[in-house]
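Chemist: Pasting a structure below so you can have a look.
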Amino acid sequence: MELIDATRMVAGSTMGTEPSGRESLVVVVVVVVLRGTFRLPAPGEPVRLADAQLPLVMADTFTRDVHWFMDRLYVATVSTPYTLQGRYLVPVDFGEAGTPTCFNLCSAGATLGSIGHDDVASFDGAACRRYD
């Protein structure tokens, strides 16, 4: 797949694999942010995009890791895993265990694993466990 960005601004996408092995294009939009780097015009010149675009700086970053678990789509970000509910991504509720950091997701049997910068956690669909 080729992503064509006609705006010359920063853009991205990722692929997800269903449990059957079928690949799907996953478009994740939590908040739409439109950002461009512009050059300062001389008096009377129009404003134009700069040739070099600076990257977005986000409080939370999508790590390009998506995972199907118990017929739900889970998405890893730097700060927490999310799950798709209807048309929206919502943070996974880990209850008393607190919210773990999350870079990667994996599963084995009936357990979803989350590996983050500060945490390793498991989730069985109802309860979370963090490992020290």
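Chemist: For Asp65, list long-range residues whose amide hydrogen, built 1.01 Å from N in the peptide plane, is under 5 Å from its own amide hydrogen.
Modeler: Result for Asp65 returns Ala76.
Chemist: Could you give me the ³J(HN,Hα) list for the range 123-132, computed from phi with Karplus coefficients 6.51, -1.76, 1.60 and θ = phi - 60°, whole Hz, x at Gly and Pro?
Modeler: In residue order, the calculated couplings are 9, 9, x, 10, 10, 10, 10, 9, 10, 8 Hz.
Chemist: Against the empirical 2.2 N^0.38 Å scaling, what ratio does the C-alpha Rg of the range 38-132 come to?
Modeler: Dividing the Cα Rg of the range 38-132 by 2.2 N^0.38 Å gives 1.54.
Chemist: For Thr80, list long-range residues whose amide hydrogen, built 1.01 Å from N in the peptide plane, is under 5 Å from its own amide hydrogen.
Modeler: Sorted by chain and number, the residues that satisfy this are Cys102.
Every read-out reported here was derived from the displayed coordinates using simple, explicitly stated rules and does not represent laboratory data. Keep in mind that what you see is a predicted model, and the values were worked out from it rather than measured.
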